[in-house]
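Single-structure report; data block below.
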Amino acid sequence: MKVRKAVIVAAGLGTRMLPASKVIPKEILPVVDKPALQVVVEEAVASGIEEIVLVLSPNRTIGLDHFQPAPELERHLEQRGKHDILESVRQTNQLARFTAAWQDQPLGLGHAVLQAREAVGDEPFAVMLPDDIFDSERPCLRQLLDTSEALNAPSVALMRVAKSEIPKYGIVEVRPARPRLYELRGMVEKPPIEQAPSDFAIVGRYVLTADIFDLLARGRPGAGGEIQLTDGLLALNKKRKMFGYEFEGTRYDLGDRVGYLTAQIGFALKRPELADNLRAWLRTRLESGHFLAKL
Ligand code: UTP
């Protein structure tokens, strides 16, 4: 299968990040100095994706605005000779081709993906959750695309989670196929620990086939009263062989406060112009015992 389009869903309420996400969608909150949405779009482009379908709330279009030209700002930067900054601003307009799809009400992740149906059409596509960001040598989505292209089957990104974390995720039942590769045998959204079929959670990257749209359209509200993507995946898995790939790299959950903070540190330490100062600050705090005071 050849995948050209990625659906990025950003129409949720982001209640775990309130009050920061009251006016600004959490997907626009920065990772160091780039909105999370841009980090994810860059991962899509680096993975070979040609078109981005952004699912947004009609009340919050800022996610789309970020990727449009900003003529006045660009002129201002040009006149003042701020060429590096100008270049970084212009890059955001030229990253990819964007199409918007609208989710009128936040009825769940499955419902959000369904709103991209017309824009995707009848071809395989990727789904990316912009509150999950990855630091990996090979982009996480590329790892999944390689899996799906080789096996001609849908795939999801998998990560082992601690027992206590299981009730927060969609958890899969798997049969090992090759190192890091698992055939999916079932899945359940946010199970109690004792009912979980494994400790493998689905995290925010998927490669899907367009027949999932019919299955999502038939979906009834599931866990938490939302139309869950996991239920659509389960129905798809009854029709098709599907795989999970235990991605290589680090994942940060930006929807959670600690995940958001660790992402700032992790990504800043990768930037040579920031790393030395940040490391020096971390070192003095550690040496002074400040971080360990409560241990
Ligand atoms: P989350 O469950 O992490 O986002 O969904 P949320 O519901 O906005 O956050 P909390 O739990 O209230 O803090 C994962 C992704 O799916 C999108 C979100 O915007 C997020 O990027 N989503 C979720 C939608 O687009 N629509 C929905 O109805 C639900």
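The values are calculated or read from the model by the stated rules, or taken from the named source; none is laboratory data. Fair warning: this is a prediction, and the values are worked out from it, not measured in the lab. Note that we place each Cβ from the backbone using ideal geometry, even for glycine, and neighbour counts take in every protein chain shown. Please note that ligands, DNA and RNA were not included when accessible areas were found on the heavy atoms of the full protein model with its side chains. Shrake-Rupley method; radii C 1.70, N 1.55, O 1.52, S 1.80 Å.
Tabulated results
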| read-out | value |
| --- | --- |
| Test for Val89: is it within 16 Å of the ligand (Cβ to nearest atom) and of a type in the set (Val, Ile, Thr) | no |
| Residue among Glu27, Glu50 that alone is modelled with pLDDT of 95 or more and within 30 Å of Met1 (Cβ to Cβ) | Glu50 |
| Pair list, Cβ under 8 Å, 6 or more apart: the stretch 1-22 residue under 17 Å from Asp256 (Cβ atoms), other residue open to solvent by 70 Å² or more (accessible area, probe 1.4 Å) | Arg16/Arg257; Met17/Arg257; Ser21/Leu13; Ser21/Thr15 |
| Among residues of the stretch 115-151, those that are open to solvent by less than 50 Å² (accessible area, probe 1.4 Å), within 15 Å of the ligand (Cβ to nearest atom) and either among the acidic types (Asp, Glu) or in contact with a Phe, Trp or Tyr (Cβ under 6 Å, 6 or more places away or on another chain) (or both), counted | 4 |
| Residue among Ala157, Ala201, Ala196 that is aliphatic (A, V, I, L, M) and over 18 Å from the mean Cα position of the chain (by Cα) | Ala196 |
| Residues within the stretch 152-203 that are open to solvent by 30 Å² or more (accessible area, probe 1.4 Å), in a loop (DSSP other than H, G, I, E, B), more than 14 Å from Gln228 (Cβ to Cβ) and of a type outside the set (S, T, N, Q), tallied | 6 |
| The stretch 33-56: number of residues that are buried (at least 19 other Cβ atoms within 10 Å of the Cβ) and either under 13 Å from the mean Cα position of the chain (by Cα) or within 15 Å of the ligand (Cβ to nearest atom) (or both) | 14 |
| Enumeration of residues in the stretch 239-255 that are open to solvent by less than 60 Å² (accessible area, probe 1.4 Å) and of a type in the set (D, E, K, R) | Glu246, Arg251, Asp253 |
| Sole residue being touching a strand residue (DSSP E or B) at 6+ places or on another chain (Cβ under 9 Å) and of a type in the set (Gly, Ala, Ser), chosen from Ala46, Ala70, Ala36 | Ala36 |
| Contacts under 6 angstrom Cβ, first residue in the stretch 81-105 being open to solvent by 100 Å² or more (accessible area, probe 1.4 Å), partner within 16 Å of the ligand (Cβ to nearest atom), 6 or more apart | Trp102/Pro58 |
